[in-house]
Structure formats: structure tokens, C-alpha cells
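Each remark here refers to the structure printed beneath this line.
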């Protein structure tokens, strides 16, 4: 019974691991922290798994646990890198793509997103993942109206970071 | 700006191909690793606190101390205090346990953060309660020693020869108050630091979400 649960969980996580990697690349700046956070999220997912009833999609449920771990539980390592080092996979942009203005702009955008606070990052993350406002509001525990208000503020913040 | 975010969204989804890929075995190994989350730390700190204060109570309840208390005529007062103390400690343990059980990562972020802060609040209340009990015990003990204790009587007599009674008791009161205040301040600072380190980020994030509702 337990073996079966383990197997089911690991298989589902293996198939959906992208979600966790994306959260990690948003909330950490180097590979070690990325792996640490991935592990912590995995532990929290596994601990919560027996209560997962399957009435929601496994991936939807994962977003919640992964973001909650990043926002509330995870303590950044002491050797936190203040400057952006672009070591995390998703933010790495190959140098040969540099000349392209669009790539350049994207790099700036990713950089700006990285400078946001934990909650703002969560909003941007859910937005990038194509979640609607009702899911964003449910995940964070705020009303839909407030989620929209907050999102607008985040957009303004990004604008200020990009055009100081 | 909206367009730029849209652009980012498209790129974001394209990037999935470049993400690391962990194997079944990698993930399987991870589920048996120990969590390093702050909730676990709060849990350990709380257990240490419950044990520490219960230990202090037990150390001061040995038969020898009890005899001394009887000699000093403060035995009854101390017994009542102890009785109240144990009752309240049991209540706190129950409260702590039920709050701790409520922590669920499948709740919304805001609710989850509130539950974690509630657990911390229970522990803080427990510590303050113990400090109050501790202070009352100190005051009763000082009183008992000075009025009924052998050495206490000598101290009082010696003091009364040098100055008048009122000045002496005022001095006793002032010294007690300063001593207690310094002690409380140190403990308060210790907790401020401890939970400050552990919960600073969580508190900031929680307040950010809460601020929206106003």
C-alpha cells in the first residue's frame, strides 16, 4: 500500500517536475539553492500527498505547495548572492543571442522579475503560467479584485525597474 | 508593458525544454530527506521551551525546597501557584498541538502564513506566562527569605540598625524591580532575535497580503 503510494507520487512528480524547477529558478540565484529548494518542495509535497484526494489536478495542487514552500518556509542560504549571476537555467541566455534586441529586452525583463519581492514573484509566476485571476486569488488567499490590483502594481514596479 | 509581459510569457513557456530533468531515483531519494523548513525549527524550539520551563518547575519542587518553603510560611502560596501553573501549561501544550496540526501547505499562502504565525504566538504567550509566574515566585521567595529565613532576619536586622525600615524596604523593592526588568529585557531580546531571524521574511510576506485587504 505504502509502496504503491510512493510509486504513484514519485511518478507524478517526475512527470510534473517542470513546475517545481520553474518556481526554484524564480526564487533562487544559484544551482545549490535551486536544488535545496527543489528538495524542500519535494518533501512538503510528499508530506501533503496522503491528503491529496485527486479532486484537483495534481499539477494545480503542486503550484500551491511549491509556491507556499518558496514564500513561507524556505530560508535562503547564508551565502545568498545579491547580484544576479544568471546561473539558474531558465534565466540563462546564450551570448550569441545577445545582439538580438528582443533577447536583450527579455534578459532585462527576467532581471527585473528577479528583483521583485516574494509575493510579487508569485503573481508574475502564476501569470506566466497562464493562470487566471480566480486561480491566482485562490492560491494566494486574496480576493480576485485584490489580485488584479496587486498585478497592476507589479506591472508598474517592473516598469520602474526597467526604466529608472 | 502588458505587451512585454506577454512576450515574456511566450519565452517562459519556450524555456521549459531547457529545464533540468531529475530521474525517478533522484526524486525517490529526496522524499526521505529531512526538511529544513522554519516550521520544523519552530517546532523544535517550542519543544525545548516546554521542557525547559517544566524542568525549572520540577527542580524547584524537590522535597528539600518544599521543607524550606514550609519554614518560610510561603508553602501554601507556592502550592496554589504551582497548581495554576501546571493547569495553564497543559492548556498551552494542547493549544500548541492543535495549532501545529492546522499547518497545511495545501491552504492558500495567506492562510498558511497565518497558521504558522499563530503557532509562534502560542509559544510566545507560553513564554510570557512563565516569566510572569517566575517573577511572582521570585517576589514571594524574597519576601519569605527576608521575613522568615535565618539569614534574611540577620540581613534585615543589620540593615535596620543602619537606616530606617521604610528606606530598607524601598531599597529591596527597587533592587527587585531592576533585577526583574533586566532579566525580562534580556529574555525579550533573545526571542526578538530568535524569531526575528526565523520569521522575518514570512511576516513581511504575510503583511503584504494582509495589507491588500484593507
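For the reader, a short list of remarks on this structure follows.
- Residue satisfying condition, being within 12 Å of chain A (Cβ to nearest Cβ), within 30 Å of residue B:97 (Cα to Cα) and touching a residue at least 24 places away in the same chain (Cβ under 8 Å), within set B:31, B:56, B:42: B:42
- Scanning segment B:178-198 for residues that are surrounded by 13 or more Cβ atoms within 10 Å (Cβ to Cβ) and over 15 Å from the mean Cα position of the chain (by Cα) yields B:179, B:180.
- For segment A:81-99, the criterion of being outside any helix (DSSP H, G or I), in contact with a helix residue (DSSP H, G or I) (Cβ under 9 Å, 6 or more places away or on another chain), outside the structural domain of residue A:13 (by TED's automatic domain parsing) and modelled with pLDDT of 80 or more is satisfied by no residue at all.
- Only one of the numbered conditions (1) within 9 Å of chain A (Cβ to nearest Cβ); (2) loosely packed, with under 13 Cβ neighbours inside 10 Å; (3) outside any helix (DSSP H, G or I) is not met by residue B:73, and that is (1).
- Tally of residues being modelled with pLDDT of 85 or more, facing chain A (nearest Cβ under 7 Å) and assigned to a helix (DSSP H, G or I) across segment B:13-26: 1
- Of all residues making up segment A:119-163, the number that are more than 8 Å from chain B (Cβ to nearest Cβ), outside any helix (DSSP H, G or I) and surrounded by fewer than 16 Cβ atoms within 10 Å (Cβ to Cβ): 2
- Here is the figure for segment A:38-77: residues that are modelled with pLDDT under 80, within 11 Å of chain B (Cβ to nearest Cβ) and part of a loop (DSSP other than H, G, I, E, B) total 6.
For every residue, the table says whether it meets (1) more than 17 Å from the chain's Cα centre (by Cα); (2) in a helix (DSSP H, G or I).
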| residue | (1), (2) |
| --- | --- |
| B:87 | yes, yes |
| B:90 | no, yes |
| B:99 | no, yes |
| B:107 | yes, no |
| B:111 | yes, yes |
| B:115 | no, yes |
| B:123 | no, yes |
| B:128 | no, yes |
| B:132 | no, yes |
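- Test set (1) at pLDDT below 90; (2) at the interface with another protein chain (Cβ under 10 Å from one of its Cβ atoms); (3) assigned to a helix (DSSP H, G or I) - residue A:32 fails condition number: (2)
The values are calculated or read from the model by the stated rules, or taken from the named source; none is laboratory data. Please read these numbers as outputs of a predicted model, since none were measured by experiment. Methodologically, a virtual Cβ is constructed for each residue, glycine included, from the backbone with ideal geometry; neighbour enumeration extends over all protein chains shown.
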